[in-house]
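The values are calculated or read from the model by the stated rules, or taken from the named source; none is laboratory data. This one's a predicted model, so the numbers in the text were calculated from it and none came from an experiment. In this analysis, Cβ positions are derived from the backbone assuming ideal geometry, glycine residues included, and neighbour counts consider all displayed protein chains. These area figures cover heavy atoms from the full protein model, side chains too; ligands, DNA and RNA do not enter into them. Shrake-Rupley method; radii C 1.70, N 1.55, O 1.52, S 1.80 Å.
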Amino acid sequence: MTINSVEQSDKSPRRVSFDNVGAFQALVGELSRNIKHIEKSLGVSISIKGNTVGIFGDPPGDDVAERLIKQLYPLARDGYPIHPADIDQGIRMLLQNPEAKLKDLLLDTVFTSVGKRPITPKTILQKRYIQLIQTHDIVFGIGPAGTGKTYLAMAMAMASFAKKQLRRIVLARPAVEAGERLGFLPGDLYEKVNPYLRPLYDALHDMVDFEKASRMIERGDIEVAPLAFMRGRTLNDSFVILDEAQNTTSEQMKMFLTRLGYSSKAVITGDITQIDLPEGTRSGLVEAREILSTIEGIAFLMFTDQDVVRHPLVQDIIKAYEKRAVEVRSRR
């Protein structure tokens, strides 16, 4: 990369030039999509002339934009597909720490499959989450929707299976608001539970094509089941994921945790701000955090709204609801 950064003045833009036309075009994006996203996110104006960009704006936006573009370019040159989520995360990181290295996150591939985009952590806490799963047998990931808690756990499970480190992946979820009153629903057992397990299937199909996922399920390599099906079982050589764990009761959580057998890992995910249990029923996830946090081999990680990697508005929505919840509690 050839960089020509001009000393900033009131009217002079920051200029950065690049020597690989193909990589520069990948950085800019189709119809300048990536550049437009940077402009909108940082409140700057970016001009493109040949293989040079000129960045017009005020601090800290202009500085972050320059640092971001310089860091994204070598990724594009190496064939990494730049996505708007990568830009959003790069901006967050550089605003918090101007010396942050975006490549340390985006090139830390968790799992990749033919025809699918490589799965990587997008935030510092997501990277820490991956490290905890690698080094601990039981990990709790707690935080708002969109922070990658279940998605990254499933990617880790698929990676472990591909390396033959285990022989089965088990995905569990409380059904029907944790009460699992399946008899009140129409249809056979599959039709009763399938709608509540749909998010797990969606994540699975995002990682491998539909045919491969179907074959793995048919062979029993992957089992997707409501939490009630875990009772009485011992899960050996398995990677077990419990999703929506905030909707487990104390008894259900204890039952799940004691299913773990030899050479197995468990990841428990949930959002304690979205508990759907009947009033007066204690969340098993909340209780587990209180009584298990000092046990060696068990790790807890608390995500925040800064780790949300969905649509940018999702962060604002979460913050708005959290603000309202604080106001309601203060009035009480």
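For this structure, a couple of remarks:
- Looking across region 130-155, the residues that are among the hydroxyl-bearing types (Ser, Thr, Tyr) and either in a helix (DSSP H, G or I) or surrounded by fewer than 24 Cβ atoms within 10 Å (Cβ to Cβ) (or both) come down to THR135, THR150, TYR151.
- Restricting region 299-313 to residues that are within 14 Å of THR269 (Cβ to Cβ) and outside any loop (DSSP other than H, G, I, E, B) leaves a set whose member that is modelled with the lowest pLDDT is ASP307.
- Just one of the listed residues (LYS265, LYS323) is more than 16 Å from VAL139 (Cβ to Cβ) and either in contact with a helix residue (DSSP H, G or I) (Cβ under 6 Å, 6 or more places away or on another chain) or open to solvent by 30 Å² or more (accessible area, probe 1.4 Å) (or both), namely LYS323.
- Candidate set from region 204-249 (those that are outside any strand (DSSP E or B), over 20 Å from LYS163 (Cα atoms) and aliphatic (A, V, I, L, M)); member that is modelled with the lowest pLDDT: ALA228
- Scoring PRO121 on the criteria (1) under 28 Å from ASP63 (Cα atoms); (2) of a type outside the set (Ser, Thr, Tyr); (3) surrounded by fewer than 22 Cβ atoms within 10 Å (Cβ to Cβ) leaves a single failure, condition (3).
- Tally, over region 229-248, of residues that are open to solvent by less than 30 Å² (accessible area, probe 1.4 Å) and under 27 Å from GLY146 (Cα atoms): 11
- In region 11-34, the residues that are within 17 Å of LEU75 (Cα to Cα) form Cβ pairs under 8 Å with partners that are open to solvent by less than 60 Å² (accessible area, probe 1.4 Å) and among the acidic types (Asp, Glu), at six or more places apart or across chains, as follows: VAL16/GLU66.
- Tally of residues being in contact with a strand residue (DSSP E or B) (Cβ under 8 Å, 6 or more places away or on another chain), crowded, with 19+ Cβ neighbours inside 10 Å and under 18 Å from LEU94 (Cα atoms) across region 27-45: 3
- Residue check, ARG67 touching a residue at least 12 places away in the same chain (Cβ under 8 Å) and over 15 Å from VAL16 (Cα atoms): no
- Looking across region 289-303 at every residue that is open to solvent by 60 Å² or more (accessible area, probe 1.4 Å) and touching a residue at least 12 places away in the same chain (Cβ under 8 Å), the one that is farthest from ILE317 (Cα to Cα) is identified as ARG289.
- Test: residue in region 258-270 that is under 25 Å from GLN131 (Cβ atoms), in a helix (DSSP H, G or I) and among the hydrophobic types (A, V, I, L, M, F, W, C): no
- Filtering region 96-108 for residues that are closer than 19 Å to ARG33 by Cα and either of a type in the set (Phe, Trp, Tyr) or open to solvent by 20 Å² or more (accessible area, probe 1.4 Å) (or both) leaves an empty set.
- Residue match in region 124-144 (condition: closer than 30 Å to ASN247 by Cβ and among the basic types (Lys, Arg)): yes
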